[in-house]
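Structure in structure tokens, see below.
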Amino acid sequence: MNTLQGWTALVTGATSGIGEACALSLSQEGARLILVGRREERLHSLAARLPTPSHCLVLDVGSREEVDSSLASLPPEFADVDVLVNNAGLALGQSPAHEASMDDWEAMIDTNCKGLVYVTRALLPGMVRRNRGHVVNLGSVAATYPYPGGNVYGATKAFVHQFSQNLKADLAGTRVRVTDVQPGMVETEFSLVRFKGDAERAGKVYEGMEPLTAADIADVVLWCVTRPPRVNINVIEVMPADQGFGPFNVKRR
Ligand code: NDP
Ligand code: 8X3
């Protein structure tokens, strides 16, 4: 199938996990790709595996200057972005709020909130002008369901949800669509990053259960993007069959 032939998609955080899987599936569907991330070698290695033309952008989405200058100087054949997958993001640590690191909190806010906003604001005017576009934001179940140590990470994903809904309000009547995809547990490098390279602790997160794969989420993203232009999927929440909800945390005396 080549339903996205003639489309250009930009995926942030394409060096790993969900972003890498989204880039692959969008390319397999015919889109040309702009691949964004900080690890240059991984971007080029992914580019070599894509069946369509691609352009690599080595940048930190949390740097407004880098985002603005790179996106303002895209090669002409990649300049009209139709699909933006705002995927770059991370959790750092899982300490209770009164013990958490302020540096970790700032890094999550800079990437998950500010980075997402910078990239969106840079690409949205072109989408509106061409009356064609789709912004897919990677939110999380953590936006809705709090858990111990989720604190600022959950709050950043709640920001992603509200920003997505408010974008939708501004874009009503245009053919620019907005979707907030909210995954539960997906086995990627997410937990390795969260626990700062502690592979044993990261592995325990998925022990004895079957997590989602990055490809499962890429499927969902592709499905949202390939609906008819009149259809906007506002929010989509996806969990592994093995994941459920915790009870209220009542401290009994
Ligand atoms: P990974 O750690 O595997 O991938 C994260 C990606 O984000 C990497 O490509 C990384 O690239 C990129 N990234 C991080 N910081 C920056 C930055 N400052 N600038 C540019 N790129 C950056 O995790 P996932 O694939 O799991 O995570 C992708 C998204 O999905 C995140 O937003 C995450 O919050 C969300 N999510 C993940 C879930 C999970 O269980 N895995 C569940 C729900 C949501 P590089 O380091 O090369 O810059
Ligand atoms: C990632 C899912 O439950 O680890 O967004 O916060 S969770």
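Just to be sure I understand, how many residues within the stretch 204-253 are assigned to a loop (DSSP other than H, G, I, E, B) and either within 20 Å of the chain's Cα centre (by Cα) or surrounded by fewer than 14 Cβ atoms within 10 Å (Cβ to Cβ) (or both)?
29
Given the structure, is E20 under 19 Å from the mean Cα position of the chain (by Cα), farther than 22 Å from T188 by Cα and not in a loop (DSSP other than H, G, I, E, B)?
On the way: under 19 Å from the mean Cα position of the chain (by Cα): yes; farther than 22 Å from T188 by Cα: no; not in a loop (DSSP other than H, G, I, E, B): yes.
No, not satisfied.
Rule-based calculations on the coordinates, nothing more; no lab input. Note that the coordinates shown come from a computational prediction; the quantities given were computed from them, not determined experimentally. All Cβ positions, even for glycine, are placed from backbone atoms using ideal geometry, and neighbour counts span all protein chains on display.
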